[in-house]
Structures are given as structure tokens and as C-alpha cells.
Amino acid sequence: MTAESPSRTIETRRHQMFPTLGVADIERVRRFGTPRHYGRGDCLFRAGEPGPGMFLVLKGTVAITQRDGLGRVVPIERQGPGQFLAEIAQLSGRPALVDGHADEDVEALLVPPEQLRALIIAEADLGERLVRAMILRRVALIESGGSGPVLIGPPQSAPLLRLQNFLQRNGHPYHVVDAT
């Protein structure tokens, strides 16, 4: 997902990761969400902070970015009308792994975590597509190594390997900077 380490998942499964919902699906989501308006440049969610839930863009465009180990902003995706902003962490209110900012004025539905879980159960076929996309997004972030903590140290050091093993077991993306 970054220029340095593109994700194979995002290259081969983009259509499943970033689907555009049709009018009927948007109406099904509407009863679980609350309309929100964001001005150009507003932050919808920030990496490291608990996400408010899933956003379904009705109008406008949202830029999804991540910051690398040096604080540089790396673009991931731009999402517009009919697309939703969420990854699997939004089901439990865990911290976001990426940033989302309005590129222009945005109208969206915000579906909080508890309502998102209710949506997935009540609308099983739609819920399956949403969960698949969220899981694939998480996999792509893990593959790219561009999100999450930055581990700095010699590649074969025991403490670094323990940290890597812990993060891998917990499905958490990370990036390693070789300090040798």
C-alpha cells in the first residue's frame, strides 16, 4: 500500500477491498447510521485514536493516508460516494491504523461500532461484503508494513524478533527499520 512496499492483496483484490455500494445498499445502511457533515480538511479519524465507527460517504471525497516511521504522510486511497471507510478495528472501537481527512465538503453516514455489529447481523449479505472488505484492508496494512509501530534495531536481535513475533501473532501491522 505504500510506494516502498505495495500490498499484494490491494493489487489483486481492490474491488473487494473498496466496493461502491448501490442505492439499495445505502438505504439499508441508513437506518443504522447518523448523517454527518465534514468541511474540507476536517479529520474524520486519526491513527492511534479510537475510531468513531464506519463512515459511508454520500457526497464528497475522503483521503485515507498513513504516516511512515519518519512522520511522512503516505496516500493509500481516496474514497467517494457509495464507498465506506472502516477496517476491522471499527467493530470493537479499537484505535484506527490510518488517517481520514475530507478532501472537500463531505456528507456521510456514521455507523458507530455497536450499530455496525447490528448492521452486520441484520443485513447478512451486505454485512458479509463489509466484513470481507474490512478484513482485506487489515491484511493489506499488515502486508505493507506501513502502519502501526516502528521497530528500530538490528534485524536479528532477540528483543526485536520477540516484538515482531508478538505483533504478528496479534495481527497488528508494524514496520522495521534496520539500525545496523
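The values are calculated or read from the model by the stated rules, or taken from the named source; none is laboratory data. Owing to the predicted nature of the structure, the values given are computational and were not obtained by experimental measurement. Neighbour counts are summed over all protein chains in view; Cβ atoms, including those assigned to glycine, are modelled from backbone coordinates with ideal geometry.
Starting from residues that are at pLDDT 95 or above and basic (K, R), keep the ones in the range 34-54 and report whichever is farthest from A89 (Cα to Cα). Ranking the qualifying residues of the range 34-54, first place goes to R40. In the set Q90, Q16, only one residue is at pLDDT below 95, within 17 Å of the chain's Cα centre (by Cα), loosely packed, with under 15 Cβ neighbours inside 10 Å and assigned to a helix (DSSP H, G or I); that residue is Q16.
Residues of the range 126-180 that are of a type outside the set (A, V, I, L, M), in contact with a strand residue (DSSP E or B) (Cβ under 6 Å, 6 or more places away or on another chain) and over 22 Å from E77 (Cα atoms): P155 alone. Number of residues in the range 58-79 that are outside any strand (DSSP E or B), surrounded by 16 or more Cβ atoms within 10 Å (Cβ to Cβ) and at negative phi equals 2. Looking at the range 129-141, can you tell me whether even one residue there is touching a Gly at 6+ places or on another chain (Cβ under 6 Å) and assigned by TED's automatic domain parsing to the domain that holds P50? Scanning the range 129-141 turns up no residue that is touching a Gly at 6+ places or on another chain (Cβ under 6 Å) and assigned by TED's automatic domain parsing to the domain that holds P50.
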